[in-house]
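Undergrad: Before we start, here is the structure in question, set down as structure tokens.
Where a number appears in this text, it was derived from the coordinates with a stated rule and is not lab data. Computed from a predicted structure; not experimentally measured. Cβ: placed from backbone, ideal geometry, glycine included. Neighbour counts: every protein chain shown.
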Amino acid sequence: MSKTNDASNRTVTIKRTFNAPIELVWEAWTQPEHIIKWWGHVKMNVKVIQHNFKVGGTWKYTMEMPDGNEFITEGVYSEIVEFEKIISSADFKPMTEGVEIQAFFEKNGDQTNFTFNIVHDTEEYCKQQEKMGILNGWGSVFDRLVEHLETLVK
């Protein structure tokens, strides 16, 4: 495989350690009643349109932006291993399309180590997305997840 097609050159990775047990982080990631509280930016109202959480199942969420326009996110689950990983295709219309998102969960006592990859088709597309602020965007989403998890941990 050529170096230019190497997945590491086409992947944006974000790592976090959540101060919550893996079961709770998994639930927050996989259950619609939690997803609406953290998915997307803070000023967006999230609606779960579809959430068929199984391999081959589809998901579709809409986010209403402050200007009233809708931002659509959707994909198809390709791999699910409970408390370990979720892999899905993903389109974030109109900004990012045709990527794969990979969420990896690792138990660390009462905490959860989390690795999130966004895999792009090409290195050029990955670099374009980085310039558009993909790290800041997902970083703010995961900040919201941290806040949501804090409300759940007693």
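Undergrad: Which one is surrounded by the fewest Cβ atoms within 10 Å (Cβ to Cβ) among residues in the stretch 130-154 that are without any contact (Cβ under 8 Å) to a residue 12 or more places away in the chain and within 25 Å of Thr96 (Cα to Cα)?
TA: Looking at residues that are without any contact (Cβ under 8 Å) to a residue 12 or more places away in the chain and within 25 Å of Thr96 (Cα to Cα), I get Lys131.
Undergrad: Which count do you get for residues in the stretch 75-129 that are in contact (Cβ under 8 Å) with a residue 40 or more places away in the chain and among the aromatic types (Phe, Trp, Tyr)?
TA: Count: 5.
Undergrad: Go over the candidates Glu70, Glu64 one by one and state the one that is more than 15 Å from the chain's Cα centre (by Cα) and closer than 15 Å to Asp91 by Cβ.
TA: It is Glu70.
Undergrad: Another one. Would a scan of the stretch 49-59 turn up a residue that is surrounded by 15 or more Cβ atoms within 10 Å (Cβ to Cβ) and under 20 Å from Thr13 (Cα atoms)?
TA: Checking the stretch 49-59: not a single residue is surrounded by 15 or more Cβ atoms within 10 Å (Cβ to Cβ) and under 20 Å from Thr13 (Cα atoms).
Undergrad: Let me ask something else. Of the residues Phe114, Phe104, which is surrounded by fewer than 17 Cβ atoms within 10 Å (Cβ to Cβ) and of a type in the set (Phe, Trp, Tyr)?
TA: After applying the criteria, what remains is Phe104.
Undergrad: Let me ask another. Considering only residues that are among the acidic types (Asp, Glu) and in a helix (DSSP H, G or I), look in the stretch 3-34 and name the one that is surrounded by the fewest Cβ atoms within 10 Å (Cβ to Cβ).
TA: Only one residue tops the list, namely Glu33.
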